[in-house]
Amino acid sequence: MKMFTRVSITIIVVLVSLSALGAIKGLQIRQMMAHGKDFVPPPQTVTVALVNRSDWETSIRAVGSLQAVKGVMLTAELSGKITRIVFESGSQVAAGQMLLQQDISTEIAQLQVAESEADLALREFVRARKLFSKNVIQKSRFDERKAIRDQTIAQVKLIRTTIAKKTIRAPFNGRLGIRQVNLGEVLDSGQPIVSLQSLNPIYVNFQLPQHHLKNLSPGY
């Protein structure tokens, strides 16, 4: 009988304890729920920036090389001694600008004589034409004066052409390369003097995978 009473008391104590714990836990839960209704989350940090409209261009990186549209190696057409060099390696030059002068002292002397002969032949031709128009001289005499005039004019043109060939000029605008001759040197026909490259416009050579082809368009 005493054992039964002791067990009953223990059970009652356990039940009371569990009830108390349940009541306390329920109270805590109700308090948390009540607190949750009034809870306001802290404000979130937001970054603000002014928006500007601009064009977006997709770029593709590639390794390539530059190539001049026009390029030439200037050479001597005729042999002759260099008497003047009026350019520097790497300098920018304009079309027609003189770069080098070969010795033309002989040609200058020949030109003076040829021009004098051509001037005399022209005067003789004009005089013969007047006389022929008046039937004072025969046609053969007139033709002779005309032929002499033509020959002397052709000789003047030939000497001037030789002088022009010995005067090296830039054929177009561009940048010179490294000078390959020196003052006083005797140039041979066809000997290289300096390279000339036109840099405007200019080619750009590069390679890209084929799948980039749809993204390419003419531009600068």
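Quick one: count up the residues across the range 132-159 that are farther than 25 Å from Ile104 by Cβ and surrounded by 15 or more Cβ atoms within 10 Å (Cβ to Cβ).
Just the residues of the range 132-159 that are farther than 25 Å from Ile104 by Cβ, to begin with: 132-149.
Those still in the list that are surrounded by 15 or more Cβ atoms within 10 Å (Cβ to Cβ) too: 132, 137, 142, 144-146, 148-149.
Of the residues in that region, 8 qualify.
Would it be correct to say that Ile193 is farther than 18 Å from Glu115 by Cβ and buried (at least 17 other Cβ atoms within 10 Å of the Cβ)? Break it down stepwise before answering.
Values: farther than 18 Å from Glu115 by Cβ: yes; buried (at least 17 other Cβ atoms within 10 Å of the Cβ): yes.
It is true that Ile193 is farther than 18 Å from Glu115 by Cβ and buried (at least 17 other Cβ atoms within 10 Å of the Cβ).
Given the structure, is Ser189 among the small types (Gly, Ala, Ser) and in a loop (DSSP other than H, G, I, E, B)? Steps first, please.
On the way: among the small types (Gly, Ala, Ser): yes; in a loop (DSSP other than H, G, I, E, B): yes.
The answer is yes for Ser189.
Of the numbered conditions (1) modelled with pLDDT under 95; (2) of a type in the set (A, V, I, L, M, F, W, C); (3) surrounded by 13 or more Cβ atoms within 10 Å (Cβ to Cβ), Leu74 fails exactly one; give the number of that condition.
Result: Leu74 fails condition (1) only.
Out of the residues in the range 93-118 that are surrounded by 13 or more Cβ atoms within 10 Å (Cβ to Cβ) and not hydrophobic (A, V, I, L, M, F, W, C), which is nearest to Ile148 (Cα to Cα)?
Glu117
Would you be able to say whether some residue in the range 140-159 is within 36 Å of the chain's Cα centre (by Cα) and at negative phi?
Applying the first criterion (within 36 Å of the chain's Cα centre (by Cα)) to the range 140-159 yields none.
No, the range 140-159 contains no residue that is within 36 Å of the chain's Cα centre (by Cα) and at negative phi.
Are there any pairs with C-beta distances below 7 angstrom linking a residue in the range 136-153 that is farther than 14 Å from Val126 by Cα and in contact (Cβ under 8 Å) with a residue 24 or more places away in the chain to a residue that is surrounded by 13 or more Cβ atoms within 10 Å (Cβ to Cβ) and not small (Gly, Ala, Ser), with the two at least 6 apart or on different chains, and if so which?
That search, which allows pairs on different chains as well, returns Thr152/Glu117.
Which number in (1) surrounded by 10 or more Cβ atoms within 10 Å (Cβ to Cβ); (2) on the phi < 0 side of the Ramachandran plot marks the one condition that Lys214 misses?
Lys214 satisfies all of (1) surrounded by 10 or more Cβ atoms within 10 Å (Cβ to Cβ); (2) on the phi < 0 side of the Ramachandran plot except (1).
The values are calculated or read from the model by the stated rules, or taken from the named source; none is laboratory data. Since we're looking at a predicted model, the values are computed, not measured. Every residue, glycine as well, gets a Cβ built from its backbone with ideal geometry; the counts of neighbours run over all protein chains shown.
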